[in-house]
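The values are calculated or read from the model by the stated rules, or taken from the named source; none is laboratory data. Bear in mind that the values here come from a model prediction, so they are computed numbers and not experimental data. When we count neighbours, we look across all protein chains shown, and the Cβ atoms used for this are built from the backbone with ideal geometry, even at glycine.
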Amino acid sequence: MTDVAASADVTVADDLEATSGSATALLRTVVGSVVRPIGGWVSAAGAVRLMGDLGIPAATARSSLARLCSRGVLRREPRDGVAGYALEPAAIPMLERGDDRIFGTRVEASAWCLLSFSFPERRRGSRDRLRRRLAALGCGTVADGLWIAPAALEDELAAAARDIAGEADIILFADASPRGDLAAGLARWYDLPAIRRVHESFLARFGAAPEPSYDRQAFALWMRALDEWRVIPYRDPGLPAAALPPGWPGAATAALFLRLRADLEARAVAHAAAVAAPAHTVEHAR
């Protein structure tokens with residue numbers, strides 16, 4: 001596999017899992033969390049309106065729609081003479097993999113896996129992409145060509161290696177049990193202060209959010225919270241609390257996310273369903 005081909009294979013997955021906060025990231029969150037469960041289609045006007053509910057100007061929303069089309073997440077698809085966007089079937093497996101990490105039960109690591117790799121200099125681009133991919137998946141860096149992650153991520157690491165590495169020298173060690181000071185190891189392998197800041201930012205921003213009065217407000221709060229949360233299970237992929245600094249906020253962050261989901265998700269989907277359809281369809285249903 002050439003470097004160009006490898007890049008094309010992983011660009012969307014890396015982009016979806018690793019970033020949040022921008023207009024395009026918010027739109028990805030909208031598509032994956034509320035457009036997908038209502039049938040995977042939204043009118044162009046509805047998409048712009050939903051983004052407007054998040055404070056995104058119409059021109060920026062349309063640019064973000066174009067970006068997701070170019071990245072293979074959406075495709076332009078009119079229905080009943082109304083311009084709109086449909087979820088690309090090829091993007092669904094990627095979104096489902098994200099669901100497992102974002103909404104799955106968080107389990108603290110009790111065993112680990114290690115990925116060792118080396119690339120010839122002519123494949124430096126593939127090496128750099130693999131490093132970015134491993135960091136996005138929640139791996140820690142033991143050495144330049146040796147990365148570590150909770151054993152639960154073994155399949156994701158193996159898939160990343162297959163997608164990017166090609167014929168490079170890759171060895172995956174599974175079910176490794178730590179000996180020695182795991183706390184000292186985690187502090188070397190992971191940027192724990194940066195991970196703590198991500199947790200604390202989520203708690204500070206959403207911990208005291210007032211109960212929304214309207215579904216539109218519930219939609220906006222849930223999209224913002226979900227967009228910020230979805231990077232956390234990748235940054236902190238189940239690091240064991242006993243080996244982390246005192247007062248680690250991971251459990252509090254997870255509990256807050258579960259509460260927000262229970263309170264807001266259904267209302268957000270209902271709002272998206274009301275907005276997504278062509279105007280004449282909505283009027284007929286009233």
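Values computed for the structure shown
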{"item": "Residue in the range 108-129 that is of a type in the set (Ser, Thr, Tyr), outside any strand (DSSP E or B), closer than 25 Å to Leu256 by Cα and without any contact (Cβ under 8 Å) to a residue 24 or more places away in the chain present", "result": "no"}
{"item": "Any hit, the range 51-70, residues being part of a helix (DSSP H, G or I), touching a residue at least 60 places away in the same chain (Cβ under 8 Å) and not assigned by TED's automatic domain parsing to the domain that holds Trp222", "result": "yes"}
{"item": "Subset of the range 147-184 (residues that are surrounded by 15 or more Cβ atoms within 10 Å (Cβ to Cβ), without any contact (Cβ under 8 Å) to a residue 40 or more places away in the chain and either out of contact with any helix residue (DSSP H, G or I) (no Cβ under 7 Å at 6 or more places or on another chain) or under 19 Å from Met94 (Cβ atoms) (or both))", "result": "Ala158, Ala159"}
{"item": "Selection count, the range 72-93, where residues are surrounded by 19 or more Cβ atoms within 10 Å (Cβ to Cβ) and assigned to a helix (DSSP H, G or I)", "result": "1"}
{"item": "Subset of the range 188-215 (residues that are touching a residue at least 12 places away in the same chain (Cβ under 8 Å) and among the small types (Gly, Ala, Ser))", "result": "Ala194, Ser201, Gly207, Ala209"}
